[in-house]
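Inspection log for the structure reproduced underneath, given as structure tokens.
The values are calculated or read from the model by the stated rules, or taken from the named source; none is laboratory data. What you see is a predicted model, and the numbers here were worked out from it, not measured in a lab. No Cβ is skipped: glycine too gets one built from the backbone with ideal geometry, and neighbour counts run over all protein chains shown.
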Amino acid sequence: MSLKTRILGLLAGLIIIASAASWLAYRELSEHLIERWGEQVAEIQVRYDSARLLQSLEREIGLARQMARSSTLISWAKAPDRPIFKANAIRQMESFRSNFRDNSYFVALRENGHYYYNNAANDFAGNQFQYVLDPKKPDDAWFFHLIEEGRDFHLNVNPDTELGVTKLWIDVLMRDETDRIVGMVGTGLNLDTFLQDIVDIDQDGITTLFVDYNGAIQLYRDRNYIDFASIIKPEGQKNTVDLLFEDPEDKERVLGMLQRLKDNPNQTGHVESDFVTVDGRRHLAGIAFLPAIGWFEITLLDLNTLLPKSHLWPLIAVFLTTLLVTLGLFHLVIRTRILKPIVTLEHAVEKVRAGSFELPKLDKPNNEIGRLADHFEKMAYSLQHSTRELEEKVAARTDELSRLARIDPLTGLKNRRGLDEILEDEIQRARRQGSGFGILWLDIDHFKAINDELGHQAGDDILCRVALWLKASVRPYDHPGRWGGDEFVVVLSPCDHPTLKQIAERIRQSVEQEGKKTGSPFTLSVGGYLCNPGDTGDRILRYADRALYRAKAGGRNRVCIERRDDESVLTEN
Ligand SMILES: Nc1nc2c(ncn2[C@@H]2O[C@H](COP(=O)(O)OP(=O)(O)OP(=O)(O)O)[C@@H](O)[C@H]2O)c(=O)[nH]1
């Protein structure tokens, strides 16, 4: 697998690992952040909703308490049959009616069970007495139940079937100076308006509800869940908050939170929160206890609606883009600074291995690979230089060897191989140009005897001298050589018959004369032949040899020229 494939594979692996890790980290982090944020929002929302409810009720409760403390009303409650007390009380009640927000009130007297009421339309002016509360009637049970409980203040969502109204009732017990309960006063708030103002807030993802001390739902956007007349219902028949949750664990969780808040009533403003599922969606439930009214305020936050995870997707997009750009840049850097230089270096190495020093332009980034490429380039140049030097030396040596192979080491003349080549060249040239050339075959006379008499070394000296005289006797462009032993050959080109004869004679005479000067005179015989175009090497040598033979046979120290077609011409000394 190539380095490039491996790096690309590595990059792909890194992308997958980084993406998976980022996705997990994102999920954990976003979940954690959303939870933390949700808890804080729930706390703020609970306090805000509680404040709104209390703000809305505070004034009414205050007025109701004030009404319950009215001495006029208390006196009347103790003696309800006295007309003067009643007239004063009705006046007082009507003045409170104009102050209550709902412009309605009720007063119930324990003494005779009489229930008084007037509404905003003042429908019951002069006729505030409505009916007599009956302990046996379920609809009236609330009155007797509250008196029995002795709770001074109570909020109650209750339909008044006789009056045909459903209201959030503020009930305050009326006590005389001996603390005896003498009646109950209060006002009602229109439930629909109240629910709209407090509970039906138009905020997507936020659900607010209020439950009483026992967990019975009192204010909720869905009226079907409201536990009307909760106070008179036995436990187990109430619409408690756990009805909103399907999962038993959620029910337990919420009831547990209510219990913890009940157990610590002094922790004012403390908010309990936990996750629950409502309508199949995960919600964060925040619960606070409102000691002023004895209710719990519950806020359910649908975090997916309030802060959809899709809002965080741009973060992922930014991350992934950054990741891809980073990996792209990384790949670019790897490619330009590592892969490409390595590939060009590899090509260069292959070229050098194949014997070529024409290197491609090497990438040399400023790193180890760049330095390696630089070293390689210098090494290649150095190798190229050495190789060229070596090649030159080898060529020179080969030339020298070639030359030596054609030189006779004793005389320095061409040897038989050298003469063969010259002869061949001349044969070719003669064929091409149609002109002949001459050849002389020379053999020292009685050389054996010289050797025998004077010794082999003296024989060598004579051979060397003959070579010198031979060179001096021929033209600069002729080719004298030693054929072997005491035989010499001269190739004469260009040449004609007279020239051939003339030079042969000159050589013979030179050797004769010079030989005399050595103190041990000697001569040589010469056989010549004027070659014609088309003559083969064998024929040429045969004719020259034949001419030499004639010269020897003719008495030595003479020149004999052989003609191919003519009679041989013998030149004698
Ligand atoms: N000193 C010496 N002698 C050589 C060399 N090569 C050959 N010889 C001798 O040269 C002699 C050649 O003799 P031949 O050419 O056969 O006979 P010749 O004595 O010259 O008689 P003719 O040629 O008939 O005149 C032999 O005795 C060889 O041993 C050499 O390099 N040095």
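At a glance:
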| item | result |
| --- | --- |
| Unmet criterion (only one of (1) touching a residue at least 60 places away in the same chain (Cβ under 8 Å); (2) within 16 Å of the ligand (Cβ to nearest atom); (3) crowded, with 20+ Cβ neighbours inside 10 Å; (4) in a helix (DSSP H, G or I)) for residue 440 | (4) |
| Selected residue [out of contact with any Pro (no Cβ under 7 Å at 6 or more places or on another chain), in a helix (DSSP H, G or I) and farther than 21 Å from residue 154 by Cα] from 90, 61 | 90 |
| Residue match in the range 26-42 (condition: under 28 Å from residue 95 (Cα atoms), among the charged types (D, E, K, R) and surrounded by fewer than 16 Cβ atoms within 10 Å (Cβ to Cβ)) | no |
| For residue 472: the one exception among (1) in contact (Cβ under 8 Å) with a residue 40 or more places away in the chain; (2) more than 16 Å from the ligand (Cβ to nearest atom); (3) surrounded by fewer than 21 Cβ atoms within 10 Å (Cβ to Cβ) | (1) |
| Entirely in the range 119-238, the strands (runs of 3 or more DSSP E) that have 3 or more residues that are in the same structural domain as residue 80 (by TED's automatic domain parsing) | 129-132, 153-160, 165-175, 181-190 |
| Residue check for residue 488: buried (at least 22 other Cβ atoms within 10 Å of the Cβ), closer than 19 Å to residue 524 by Cα and within 16 Å of the ligand (Cβ to nearest atom) | yes |
| Residues located in the range 358-389, provided they are in a loop (DSSP other than H, G, I, E, B), touching a residue at least 24 places away in the same chain (Cβ under 8 Å) and loosely packed, with under 15 Cβ neighbours inside 10 Å | 367 |
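Residue by residue, here is whether (1) assigned to a helix (DSSP H, G or I); (2) at pLDDT below 90 holds:
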site	(1), (2)
276	no, no
282	no, yes
285	no, no
292	no, yes
296	no, no
305	yes, yes
310	yes, yes
316	yes, yes
324	yes, yes
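Rundown of residues vs (1) in contact with a helix residue (DSSP H, G or I) (Cβ under 6 Å, 6 or more places away or on another chain); (2) at pLDDT below 90; (3) in the same structural domain as residue 108 (by TED's automatic domain parsing), yes/no style:
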position	(1), (2), (3)
45	no, yes, no
51	no, yes, no
55	no, yes, no
61	no, no, no
77	no, no, yes
81	no, no, yes
